[in-house]
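Okay, structure first, notes after.
The values are calculated or read from the model by the stated rules, or taken from the named source; none is laboratory data. Owing to the predicted nature of the structure, the values given are computational and were not obtained by experimental measurement. For neighbour counting, all protein chains shown are included, and Cβ atoms are generated from backbone atoms with ideal geometry for every residue, glycine included. Ligands, DNA and RNA are excluded from the accessible area calculation, which covers all protein heavy atoms including side chains. Shrake-Rupley method; radii C 1.70, N 1.55, O 1.52, S 1.80 Å.
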Amino acid sequence: MSNQTPRVRFAPSPTGHLHVGGARAAIFNWLFARHLNGAFLLRIEDTDRERSKPEYLQSILAALEWLGLASDEPPVIQSERLDEHKRLMQKLIDEGKAYKCYCSVQELESAKEQEIETGSVLKYPGTCRPENMGRKKELAGPDCSSKPEGGDECIEGYAIRFKLPFSSGPISWDDLVHGTITVDADQLDDFIIARSDGTPMYNFVVVADDAYMNISHIIRGEEHISNTPKQILLYQALGFAMPRFAHIPLILGPSGKKLSKRDNAVAVIDYQKEGYLPEALFNYLVRLGWSHGDQELFTRQELISLFALSDVNKKGAIFDLVKLNWVNSQYMHAADNAALYAELIKYVDSDLLQKAPLFKEPQLIELIGLYKKRCHTLKEIRDEIVNLNEPGTPSPAELQPFQTPETIALLEQFVARVESEPRQWPVVELTTLGKKLVASMNTKFPNLAQPIRIALTGKTAAPGVFELFNAIGTQESLKRIKQCIEHLSRTIE
Ligand code: GLU
């Protein structure tokens, strides 16, 4: 199989939103496929009818699209293949490789209790194996339609168990991330491949569907390592070509345990709503578990040409929000302001125009351009803009250094000069004017710029004052500076 063009898949279960760990698995699959000119496919694992929800499916598909991870073929919907799963299961039964199990939950629990008492592993005791079936048929009847005599309760229908081959020996595979992994077959038992209500189990359907989709490489989270030996046995029993396996390490929280909601947001859409850019999250997630020297920022094309599973780390990687913020700010910095505006309106706050009515779209785009150099996310920019629409009052301590007759005079002259020529002053001219004024009054530039900054934003830290002056608009800016002069004059006495 490995000589063919690779075919990989991402197989989410629509039982929740797309998790960052799932997104990273999808990204690794996608990069692997793109690097080798292979196919990246999608399979929706929706056989858990109770927990699968259409809204989660929509949310997962939207998150994948946002990250630019399109499937090369129409997605395979697992629940639509139930008949085929049943057919394959019957084939295993017919060939003596699987069997019907009539054991009731109570029976299994008492067997487990016995095993606990004797200190052995909790494995199915093989009660319904074909060679032990005399007793069971008697109890349950062939179709389990009647309650059996003799005390034992028959569960409705029957579960189907895979019959562990006697000759399985140690099960090994050459994992493309971890190297050779060997599992002692003694650790396995005759595992269930279909529940008594007829629903096939994960390990069975995943093999049936991966083979159907001709998947050559299975790249998935490390939490599935324990499933792989069972799947290998199923591949052998069903006579399917064996794919290669690669298990990627977990994403960890700061405590070193698997990343959980307690540590950070875990859903991709939460990052989208916070105003992380898809390319930035993509870049960050790739670096979380894969490296190419010390390089941190990559174009997608670079990632496609550089990505190799052999460079995926074996150890889990800690999710570092500070670093993600840095990566995002780098991407915002380089992005087009209008594109950032579109992203902000679409995902972070569609009501921005209503919440900051002072500004029209072109001004918002200009303000984004000013704030993107200082913020980590579009949400932070959005908050700055809403504040700018109606700034809070600065604290007395922040204003205190400017409560001097000199500052007031300086601000008054600035206002008078600008008002004397009612036009849009370019930033350079405002700067020249400011410099001239401070020189004529024998003071320093910050003594003019800082009170203007406070007047315009209510804050002591903000982008360049004259850029802001123009983005806010001459009229509004002058109004705010005049209010500040008034406030300073009132509080000086
Ligand atoms: N639906 C499984 C999951 O979400 C897929 C596992 C696999 O890739 O085999 O974990």
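Before moving on, here are some points about what is shown:
- Packing, taken as the mean count of other beta carbons within 10 Å per residue, orders the peptides 41-47, 203-209 from highest to lowest as 203-209, 41-47.
- Using equal-weight Cα scatterers in the Debye expression, the normalised intensity of segment 349-493 in log10 at q = 0.09, 0.13 Å⁻¹ is -0.27, -0.56.
- By the rule of a C-alpha distance below 28 Å, with chain neighbours fewer than 8 residues away ignored, the lysines paired with residue 315 are 230, 257, 258, 261, 323.
- Just so you know, the averaged projected area of the alpha carbon convex hull for segment 227-385 sits at 12.4 nm².
- Length-normalised contact order for segment 419-493 - Cα pairs under 8 Å, 6+ apart - percent: 28
- Size of charge dipole - segment 336-472 - debye, nearest 20, with Cβ of Lys, Arg +1 and Asp, Glu -1, no other charges: 300
- Derived scalar couplings between HN and Hα for segment 431-447 equal 5, 4, 4, x, 4, 4, 4, 5, 5, 5, 9, 6, 10, 9, 4, x, 5 Hz in order, rounded to whole Hz, by the Karplus curve 6.51 cos²θ - 1.76 cosθ + 1.60 (θ = phi - 60°), x for Gly and Pro.
- 3J(HN,Hα) couplings calculated from phi for segment 363-378 with the Karplus curve 6.51 cos²θ - 1.76 cosθ + 1.60 (θ = phi - 60°) are, in sequence order, 5, 4, 5, 5, 5, 4, x, 6, 7, 5, 7, 10, 10, 9, 9, 5 Hz; Gly and Pro show x.
- log10 of Debye I(q)/I(0), alpha-carbon scatterers only, for the chain at 0.07, 0.09, 0.12 Å⁻¹: -0.56, -0.76, -1.08
- For residue 436, the lysines whose Cα comes closer than 19 Å to its Cα, not counting residues fewer than 8 places off in the same chain, are 444.
- Carbon/sulfur fraction of accessible area - segment 407-458, other protein chains in place, 1.4 Å, %: 57
- Share of carbon and sulfur in the accessible area of segment 228-280 stands at 52%, probe radius 1.4 Å.
- 16 Å Cα-Cα reach of residue 86 towards lysines, excluding residues that sit fewer than 8 places from it in its own chain: 97, 100
- Debye-formula intensities of segment 66-105, expressed as log10 I(q)/I(0) at q = 0.22, 0.25, 0.33, 0.34 Å⁻¹, are -0.82, -0.90, -1.01, -1.03 (one equal scatterer per alpha-carbon, no solvent).
- Annotation: amide H of residue 7 within the under-5 Å range of 39, 216, 217, sequence separation 5 or more or interchain, hydrogens built in the peptide plane.
- The chain - accessible surface per residue (Å², probe 1.4 Å): 48
- Residues residue 113 and residue 5, FRET efficiency given R0 of 51 Å [Cβ-Cβ distance, rounded to 0.05]: 0.50
- Taking Cβ atoms as reference points and 11 Å as the exclusive limit, the residues near residue 164 contribute a net charge of +3, counting Lys and Arg as +1 and Asp and Glu as -1.
- Dipole in debye (nearest 20) - the chain, about Cα centre, beta carbon charges: Lys, Arg +1; Asp, Glu -1: 960
- For segment 322-364, the fraction of 1.4 Å probe accessible surface lying on carbon and sulfur atoms is 57 percent.
- Accessible area, probe 1.4 Å, largest first, for residues 5, 404: 5, 404
- Principal axis dimensions, largest first and in whole angstrom, of segment 218-268 by Cα: 44, 19, 14
- Leading residue at positive end of dipole, the chain (Cβ point charges), from 344, 176, 318: 344
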